[in-house]
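The values are calculated or read from the model by the stated rules, or taken from the named source; none is laboratory data. Predicted model only: the values in this text are computed from it and were never measured. With ideal geometry, Cβ positions are generated from the backbone for all residues, glycine too; neighbour counts draw on all protein chains shown.
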Amino acid sequence: MNQETTQSVSLFQKPIFWYGLIVDLIILDQLSKYAIREWFDLPIVVIPDWFKIVFVENTGVAFSLPVPGGLSSIIAVIVSLWLGYQLWVNNYAYTMRLSYVLIIAGALGNLIDRLWLGAVTDFISVGNFPVFNFADSFICVGVALLIWHEVTSG
């Protein structure tokens, strides 16, 4: 037997695993937004004066910051394609791959809303922080994880 057939490749080393995770996260994001738009009587106060579930249509980008025209959609596509390509061709550390997956899933989750609905559905309201959704959380955690990886991998 040659060396290639005796070595097993971990599922986590296969790009298909990471692409599947992207799809799963996008589905989670889209189902949560659909549920907010269609199924719930809102607002739902979870912790008075601090945490509630609401419905907000966001035509801006993260934290409702305004952007001109379709710029956010163009950026989402370019970043997602580039990071997706990197997942395919490079054997990065798991933290780096996970950060890419989270950023791609968040960007595409919000892009779907922009293209189909003309605005992003936001629904998580915490304190005085701008209302957000799972896709926004994916992007923020992905960027934080990427920064953490870069700082700690020295």
Which numbered condition LYS33 fails, given (1) assigned to a strand (DSSP E or B); (2) of a type in the set (Lys, Arg); (3) within 16 Å of GLY109 (Cβ to Cβ): (1)
Residue match in region 22-35 (condition: among the aromatic types (Phe, Trp, Tyr) and over 18 Å from PRO130 (Cα atoms)): yes
Residue match in region 99-107 (condition: modelled with pLDDT under 95, among the hydroxyl-bearing types (Ser, Thr, Tyr) and in contact with a helix residue (DSSP H, G or I) (Cβ under 7 Å, 6 or more places away or on another chain)): no
Segments classed as helices (runs of 4 or more DSSP H), wholly inside region 37-154, with at least 1 members that are farther than 17 Å from ILE22 by Cα and of a type in the set (Gly, Ala, Ser): 71-89, 134-152
Region 101-121, residues that are touching a Lys or Arg at 6+ places or on another chain (Cβ under 9 Å) and more than 11 Å from GLN30 (Cα to Cα): LEU117
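Conditions (1) under 20 Å from VAL77 (Cα atoms); (2) surrounded by 17 or more Cβ atoms within 10 Å (Cβ to Cβ), marked per residue:
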| position | (1), (2) |
| --- | --- |
| ALA93 | no, no |
| SER99 | yes, yes |
| ALA107 | yes, yes |
| LEU117 | yes, no |
| VAL120 | yes, yes |
| ASN128 | no, no |
| ILE139 | yes, yes |
| ALA144 | no, no |
| THR152 | no, no |
Of the criteria (1) surrounded by 12 or more Cβ atoms within 10 Å (Cβ to Cβ); (2) farther than 20 Å from GLY142 by Cβ; (3) modelled with pLDDT of 90 or more, which one PRO48 fails: (1)
Region 108-154 - residue that is at pLDDT below 95 and small (Gly, Ala, Ser) and, of those, farthest from ILE36 (Cα to Cα): GLY154
